[in-house]
1. What's the extension gain from residue 22 to residue 174 if we count 0.36 nm per residue and subtract their Cα-Cα distance?
2. Would you calculate the separation in nanometres between label points at residue 52 and residue 187, each defined as 7 Å from the Cα along the Cα-to-beta-carbon direction?
3. Long-range amide H contacts for residue 117: which residues qualify at under 5 Å (H placed 1.01 Å from N, peptide plane, sequence gap of 5 or more or a different chain)?
4. Taking the Cα atoms of the stretch 22-87, report the difference between the largest and smallest coordinate on each principal axis, in whole Å and largest first.
5. For residue 141, list long-range residues whose amide hydrogen, built 1.01 Å from N in the peptide plane, is under 5 Å from its own amide hydrogen.
6. In whole Hz, with x marking every Gly and Pro, tabulate ³J(HN,Hα) for the stretch 163-178 from phi via Karplus 6.51 cos²θ - 1.76 cosθ + 1.60, θ = phi - 60°.
7. Give me the tail of P(r) for the chain as a percent: Cα-Cα pairs with distance above 24 Å.
8. Keeping every protein chain present and rolling a 1.4 Å probe, give me the accessible area per residue for the stretch 65-126 in Å².
Amino acid sequence: MFFQLRVRRFACRNSGCTRRTFVEQIRGLTRPHGQRTERLRATLAAVGLALAGRAGARLSSALGVCVSRSTILRLVDALPEPEVPAPRVVGVDEYATRKGRHYGTVLVDVETRRPVDLLPDREASSLAAWLADRPGVEVVCRDRAPFFAEGATAGAPQAVQVADRWHLWHNLSEATERSVAQHRRCLRALVPAVPGPGPGMPPSMHC
């Protein structure tokens with residue numbers, strides 16, 4: 001579907017202006033150099049947020065709008081950053097951009113379960129600076145890494161530091177595994193020996 005619009009064109013009297021002329025825009029319908037209406041642009045951006053590039057392009061084609069995956073991703077990338085309220089309970093953990101070589105810090109709003117920010121490293125000073133800018137943080141949920149403990153103490157001294165459920169179970173399972181490995185011989189000694197068949201007794205039959 002195509003629209004034909006009659007709009008006004010304005011000329012700039014400033015001789016140094018590089019644009020020279022300006023075309024009137026209709027609020028909520030057009031934008032400069034736009035090839036789609038604002039409604040279609042918002043629809044394609046919503047499809048891109050839900051399905052990303054390839055799947056979003058396939059769905060758009062099925063709806064009668066032929067766009068490439070690159071266009072879908074550009075529309076998503078052009079969306080403004082949403083306003084994220086300051087979290088009250090922050091989850092802190094590391095992530096790997098290259099496992100074994102380069103790590104960063106991911107910060108999550110534990111109450112909404114949504115990522116809040118990504119730090120390029122896992123230094124205590126970076127975490128401390130991030131927390132210092134958000135004095136409303138009341139609880140820091142972290143693993144047992146010493147640099148996270150140091151950063152949380154320096155950046156949010158008012159916050160309570162706790163360990164999340166996954167790290168508690170993970171640490172418990174590792175400690176149990178180490179303990180069992182160290183005392184394997186003791187466990188073998190506690191298992192009674194199975195008596196063998198006596199003389200003249202036929203071996204037991206098993207199904």
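1. Length difference between fully extended and current span is 47.9 nm.
2. Placing both labels 7 Å beyond Cα along the Cβ direction yields 4.1 nm.
3. Under 5 Å from the amide H of residue 117 lie the amide H atoms of 107, each far enough along the sequence or on another chain.
4. Its Cα atoms span 40, 36, 16 Å along the three principal axes.
5. 90, 91, 92, 162
6. Those phi angles translate into 9, 7, 4, 4, 5, 4, 5, 5, 5, 5, 5, 5, 5, 5, 5, 5 Hz.
7. I get 69 percent for the Cα pairs in the chain exceeding 24 Å.
8. For the stretch 65-126, the solvent-accessible area averages 71 Å² per residue.
The values are calculated or read from the model by the stated rules, or taken from the named source; none is laboratory data. Model, not experiment: these values are computed from the prediction. Heads up, the Cβs are rebuilt from the backbone with ideal geometry, glycines too, and the neighbour counts pull from every protein chain shown. Ligands, DNA and RNA are excluded from the accessible area calculation, which covers all protein heavy atoms including side chains. Shrake-Rupley method; radii C 1.70, N 1.55, O 1.52, S 1.80 Å.
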